[in-house]
Amino acid sequence: MKLSLATRIFLGYAVVLVTFGAVSLFSVTELHRNRLEIRLVSQGYLQLSQDAAELEALHNNQKKDTERLFDQNSVETRRALIRLTRLYFPPHMAQRLGTARARAREVLSFAPSGEVPFVRGLDTRFGELAHQYEAYGRAAEAVYAVLAADAPDHVALARTMGDLSQVESTISRELSVLRTTLENRIRERVDGAEERERRTGLAIITLSVMAIGVGLGATAWSARTLRPVRTLIEGVSRIARGDYNAQLGVRGDDEVAVLAREFDQMAHSLQTREAQIKAQAEALMRAEQLAAVGRISAQIVHEVRNPLSSIGLNVELLQDALAEARFPADAGSEARDLLAAVTGEVDRLTEVTEQYLRMARPPRPDLEPEDITQVLDGVLEFTREELARAGVEVVREFTPDTPRVLADEGQLRQVFLNLLRNSREAMPEGGRLRVATLPRERDVEVTVQDTGGGMTAEVRRHLFEPFFTTKEGGTGLGLAVSQQILQAHGGSLSCQSIPGQGTTFVLRLPRA
Ligand code: ADP
Ligand code: MG
C-alpha cells in the first residue's frame, strides 16, 4: 500500500492520540465508578446503619421506660408516665422507620445494579420491623391497660408482659442483625474499593508506560520517514558547492524518494551541461588561437613568400648554369649536392608557409558530391612510394557502393594526406595502415588506423591545438587544419589511441 509522507506521519500521531485517549477514558471511567462507590457507602449504607443504631437506642429506651413503670407505686404517676410514653415513643419510632425506608428507596436510585437486591432486602426488613413494631404497640397497650388499674392484676400483668418481652426481643434481634449486616456490607465495599483502586492504579501506570512507548515509537518512525530529507539537503548543498557527482540513490516511492530521484536526474543533467560548456570553452579558445595565428601568419607569409620564391627561382637558374659549366670532377658534384639541399629546404619552407596561409585564411570549401573511395584511392596511389619505402602495408576496406559525400575534393585530399603522413611518421619501423569506409544513416565514416606507437592521454588532450607537436621539426598544424576543414564541411574528426598499440582517426562527412 502506498502512503504519502503526510498520511504516514498523521497515522503515527493518530495512533499516539488514540492510545492516550484510551488511557484517559479508562482513568475517567474508574474515577466515576469509585465516586459511585463512595456515594453508596457514605450517603447510603453509613446513614442506614446510623438509622438502625438510632432505632435500636429508641427501642431500648422504650423498653427501660416500660420497666420503670413497675417501680411506681402510685397509680397516678403510672398513668402519667404511660401517657408520656404513648405520646413520645410510637410517633418517634414510626418517623424513624419511615425515614429509614425512604432512605433505602433513595439509595436504590443510585446504587449499582449489583447492589439493588441487597438494598431491596433492607427495605423489606425495615417494612417488617414496622409491622413488628405495630405488634409491639398492641402488646405494650395491653400491659399499660393492666398497669393503669388501681390494683393491677398480677396474673394478667405477667401474661401481657410475657407477650411484650417476646415481641421486644424479636425486634431487638432483628435490629442488631440489620446493623451487623450493614456494617459487614460497608467493610466489604470499602475493602473491595481499596482493592479495585490498587488494580486501577497499576493498570493506569501500565497503560501510561505503553502509551509513552507508542509515542516514542511513532516519533522514531517519523524520524526514520524523514531521514531521506537530510540526505536530500546534503545533496543540494554539495551541488551548491559545485560537486555535480552528487547522487543520492534514495530508494522507495514516497514523495522524498521521488524528489531525490528528480534531484539525481538534475545533478546528472548539470554534469552533462558542465562538460558541454567546458568543451565549448576549449573550442572557443582554439578558435581564438587560430585567429591569432592567422593574423601573424598572414604577416609572415607576406614577408617570406616572395623572397622565398625568388630564392627558389635563382637556385633553379644556378642549377641550369651549373649543368653547362665545367668543373674538376669532384667539385661539380659537390656544388650540385649543395644546391639540391638548398632546393629541398626552400621547398620545405614553401610548404610551411602554405600551411600557415591555409591556417590564416581557411578557404571556404567548394562543396560538391564526391565519391570518397575515389578520393582515397587517389591519395593512396599518390603516397604509395613513400609508404612502401617506410615498410607500411596498406589495407583497404571500402564498403561497396559507398554513397557520395558533400565535400571540396582538394581540401579532402589535404586532410587525408595529413592523416597518412602522421600514421607513417608514427610507424618508423613499418607497420600496417588500414583505411576503411562505412556508410551511416546521415553521413559516411572513414577510419584511418595505424599500428604505430600510439599516444599518451596528455598528447590526446592537445592533439588538435595549433602548433602542438611532439616531432622535431613538426609544425603542429596538420591536425588543427584538418579539423578546421572538416568542421567547415559540417563533419567531424576524432581520435582514439592506445599507447604502444596504435591510433585510429575517425572522420565523418555528411552524405550528399
Ligand atoms: P605534426 O605532425 O606537425 O607534429 P600534427 O597536428 O599533424 O602536427 O600532429 C600533432 C601531434 O599529434 C604529433 O606531433 C603527434 O605527437 C601526434 N600524432 C598525430 N597523429 C598521430 C598518430 N597517427 N600516431 C601517434 N601520434 C600522432
Ligand atoms: Mg602532421
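The values are calculated or read from the model by the stated rules, or taken from the named source; none is laboratory data. Nothing here was measured: the structure is a model prediction, and the numbers come from that model. Here the Cβ positions follow ideal geometry from the backbone for every residue, glycine too, while neighbour counts run over all protein chains shown.
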Practice prompt. With the condition kept exactly as written, say whether any residue in the stretch 304-322 is at pLDDT below 85 and within 30 Å of residue 476 (Cα to Cα).
Written response: yes
Worksheet item: Can you tell me which residues in the stretch 371-426 are under 58 Å from the mean Cα position of the chain (by Cα), β-branched (Val, Ile, Thr) and within 16 Å of ligand 1 (Cβ to nearest atom)?
Response: 415
Practice prompt. Would you check which residues across the stretch 428-459 are farther than 22 Å from residue 379 by Cα and either in contact with a Ser or Thr (Cβ under 6 Å, 6 or more places away or on another chain) or near ligand 1 (Cβ under 8 Å from one of its atoms) (or both) and list them?
Written response: 453, 454, 455, 459
Worksheet, complete the sentence: In the stretch 75-118, anything among the hydrophobic types (A, V, I, L, M, F, W, C), in contact (Cβ under 8 Å) with a residue 24 or more places away in the chain and part of a helix (DSSP H, G or I) is listed as 75, 82, 89, 93, 94, 97, 100, 104, 107, 110, 118
Discussion item. Looking at the stretch 385-408 only, could you name the residues that are crowded, with 17+ Cβ neighbours inside 10 Å and in contact with a helix residue (DSSP H, G or I) (Cβ under 9 Å, 6 or more places away or on another chain)?
Written reply: 387, 390, 392, 402, 405, 407, 408
Response to the item:
Checking 274, 288, 262 in turn, the sole residue that is more than 30 Å from the chain's Cα centre (by Cα) and either within 21 Å of residue 463 (Cβ to Cβ) or modelled with pLDDT of 85 or more (or both) turns out to be 288
Fill in: Per-region count, the stretch 455-512, residues farther than 19 Å from residue 435 by Cα and either within 16 Å of ligand 2 (Cβ to nearest atom) or not in a loop (DSSP other than H, G, I, E, B) (or both)
28
Discussion item. Considering only residues that are within 49 Å of the chain's Cα centre (by Cα) and either of a type in the set (A, V, I, L, M, F, W, C) or farther than 18 Å from residue 288 by Cα (or both), which ones fall in the stretch 456-477?
Written reply: 456, 457, 458, 459, 460, 463, 464
Discussion item. Need pairs with beta-carbon distance below 9 Å; first residue closer than 30 Å to residue 142 by Cα and within the stretch 168-195, second of a type in the set (Ser, Thr, Tyr) and part of a helix (DSSP H, G or I); sequence gap 6+ or separate chains.
Written reply: 168/66; 168/136; 170/136; 171/133; 171/136; 178/49; 179/49
Worksheet item: What are the pairs, 6+ residues apart or on separate chains, where a residue within the stretch 386-410 that is within 18 Å of residue 486 (Cβ to Cβ) has its Cβ under 7 Å from a residue that is assigned to a helix (DSSP H, G or I)?
Response: 402/372; 402/373; 405/372; 409/375
Response to the item:
Of (1) in a helix (DSSP H, G or I); (2) within 16 Å of ligand 2 (Cβ to nearest atom), residue 448 fails just (1)
